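Readers should treat all values here as calculations from the given coordinates under stated rules, not as data from a laboratory. Computed from a prediction, not measured in an experiment: that's the story for all the values here. Glycine also receives a Cβ, built like all others from the backbone with ideal geometry; neighbour counts cover every protein chain displayed.
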Ligand code: TYD
Ligand code: MG
């Protein structure tokens with residue numbers, strides 16, 4: 001008989017700990033570790049009396065054609081799913097409360113249903129009447145989606161087993177409870193057990209299941225990260241408060257490319273798809289001004305232009321501010337250090353504020369040159385050429401390194417009316433005629449060429 005031990009689990013990332021601690025070593029979150037009864041006692045030692053049965057094995061060859069993906073017709077959603085929803089797959093949609101997950105999935109369910117897919121939407125958070133009212137307001141009342149309001153996992157699985165829809169949406173996993181687990185709904189044990197049963201059901205019955213998970217800030221409720229490893233596809237719905245743009249980002253996809261983004265705009269009548277995000281992100285850009293640099297980036301398979309904005313001002317603080325929104329702050333520190341050490345341009349005594357316009361988040365190293373450009377332009381109070389986009393990775397020596405997909409970046413820039421690109425010297429470019437290029441070998445050369453210093 002295995003000894004019964006209590007376990008300590010981080011509710012943010014699901015990491016197991018031997019003892020309680022204020023901060024989780026695995027994800028760095030504070031006050032998220034709670035004590036829980038272990039999920040299962042696990043098998044006893046050795047093979048013992050109860051032997052398992054042998055699992056049937058088979059080869060890789062198959063004569064069955066791959067099952068067709070089903071498309072919702074919402075191009076932004078289909079793209080992030082990797083070209084449509086795969087039958088029998090499990091998709092997790094995570095995001096902050098109130099960001100629009102329920103709205104997105106209700107619209108998604110209606111879109112699938114209108115194309116002949118059988119869709120069931122189970123809400124554990126809102127009553128059916130509330131969901132119906134929202135559907136009415138979104139103009140979806142005529143879509144053949146069937147609604148249920150339930151939190152009991154067993155009842156939900158029984159319903160899905162009888163109905164056998166093509167698609168089931170479970171909103172949200174934190175409200176579900178399974179009677180086989182002795183823990184409160186929303187605890188790591190419950191959330192894991194519920195996700196596990198839903199995923200198993202999806203595979204067995206060929207029903208695509210979309211599970212909603214709230215990103216949680218306090219430690220009492222488990223976040224979506226604890227089930228990421230179980231599902232086929234993980235999507236995060238994100239956006240800045242105060243901005244109407246919402247990004248659906250795939251961080252894991254067993255059936256398609258990860259890092260793909262879908263762009264939406266939250267309007268009074270629900271989420272509207274944004275087919276041309278570059279135009280949207282640059283739309284607020286007025287006259288060329290110091291501190292602004294246009295970065296030609298790639299998100300997943302799609303080029304997206306964004307504006308990096310910098311403000312540099314004398315500081316009254318002993319350790320000046322470094323406020324970075326939408327960019328990796330470690331990367332920004334590195335670039336500041338390279339500017340100081342390799343080009344002799346210090347930022348000591350100066351507050352630095354950096355931001356990506358429109359609430360976009362940029363993680364590509366290819367953004368280095370645009371970040372450096374925005375910083376220098378703000379510091380020198382001199383605008384970068386208005387017709388130019390920038391891209392290139394900066395190494396610690398100050399040299400510029402080529403990046404991937406230069407053609408796509410240039411074509412997108414050209415489409416949006418830019419006529420010039422500032423890029424690394426070693427960058428190979430084919431098939432972007434009509435686009436002027438200014439090739440730069442290192443950061444010192446960049447400072448000399450652009451700012452004439
Ligand atoms: P919701 O989908 O309920 O968020 P989640 O399920 O992620 O918690 O969206 C809630 C927010 O969206 C709410 O603050 C209002 C806003 N909203 C609109 O602006 N327009 C709309 O048409 C809808 C339905 C919601
Ligand atoms: Mg919701």
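In the chain, what % of DSSP beta bridges are antiparallel (nearest 5)?
In the chain, DSSP labels about 50 percent of beta bridges as antiparallel.
What share of the DSSP beta bridges in the stretch 75-275 is antiparallel, in percent to the nearest 5?
Percent antiparallel among DSSP bridges in the stretch 75-275 is about 35.
Viscosity 0.890 mPa s, temperature 25 °C: what is the translational diffusion coefficient of the stretch 212-280 from Stokes-Einstein with a Kirkwood Rh over Cα pairs, rounded to a whole number of µm²/s?
It diffuses with D of about 179 µm²/s by this estimate.
Where does the chain land at 222 nm, in deg cm²/dmol rounded to the nearest 500, when only DSSP H runs of n ≥ 4 count, each adding -39500 (n - 2.57), divided by all residues?
Taken over the chain, the calculation gives -7500 deg cm²/dmol.
What distance in nm separates the simple spin-label points at residue 23 and residue 251, each placed 7 Å from Cα in the Cβ direction?
Here the answer is 2.0 nm between the modelled labels.
Residue separation times 0.36 nm, minus the C-alpha to C-alpha distance between residue 244 and residue 128: what's the value?
Gain on stretching residue 244 to residue 128: 39.1 nm.
With a cut-off of 18 Å, note down the residues of the stretch 224-258 whose backbone N falls inside the zone around a label point 7 Å from the Cα of residue 34 toward its beta carbon.
Inside the label zone: 224-228.
Dividing the convex hull volume of the Cα atoms of the stretch 280-451 by its residue count, what figure in Å³ per residue is obtained?
With only Cα atoms used, the stretch 280-451 gives 102 Å³ per residue.
Can you give the relative contact order of the chain as a percent, counting alpha carbon pairs under 8 Å and 6+ residues apart?
12 percent
Angle, helix 101-114 long axis vs. longest principal axis of the chain, Cα atoms, 0 to 90°, nearest 10?
Long axis of 101-114 versus the principal axis of the chain: about 70 degrees.
Quick one: go through the stretch 176-192 and flag any residue whose amide nitrogen is under 16 Å from the point 7 Å out along the Cα-to-Cβ line of residue 161.
Only 178-180 pass the distance filter.
How big is the Rg/Rh ratio for the stretch 263-312, C-alpha atoms only, Rh by Kirkwood, two decimals?
Using only Cα positions, Rg/Rh for the stretch 263-312 is 1.05.
What does the C-alpha gyration tensor say about the overall shape of the stretch 75-275? Classify as rounded when a/c is under 1.5, otherwise prolate if a/b is larger than b/c, or oblate.
Here the stretch 75-275 falls in the rounded category.
For the chain, what is the convex hull volume of the alpha-carbon atoms per residue, in Å³?
202 Å³
Which ordering of 305, 369, 140 is given by a fewest-first count of other beta-carbon atoms within 10 Å?
Listed from fewest to most nearby Cβ atoms, that is 140, 305, 369.
Take residue 118 and residue 267, extend 7 Å from each Cα along the Cα→Cβ direction, and tell me the distance between the two endpoints in nm.
According to this spin-label approximation, the distance is 3.4 nm.
Can you tell me the 0 to 90 degree angle between the C-alpha axis of helix 153-163 and the longest principal axis of the chain, rounded to 10?
In the chain, helix 153-163 runs at an angle near 80 degrees to the longest axis.
Could you give the nm distance between label points at residue 204 and residue 142, where each point is 7 Å from its Cα heading toward the beta carbon?
3.9 nm
What is the antiparallel percent of DSSP beta bridges lying wholly in the stretch 280-451, to the nearest 5?
The answer is about 60 percent antiparallel.
For the stretch 42-163, what value does the Rg/Rh ratio take when both radii are computed over Cα atoms and Rh is the Kirkwood radius, given to two decimals?
Rg/Rh: 1.10.
Between the helical axis of 329-343 and the dominant principal axis of the chain, each derived from Cα atoms, what acute angle in degrees is found, rounded to the nearest 10?
Around 20 degrees separate the two axes.
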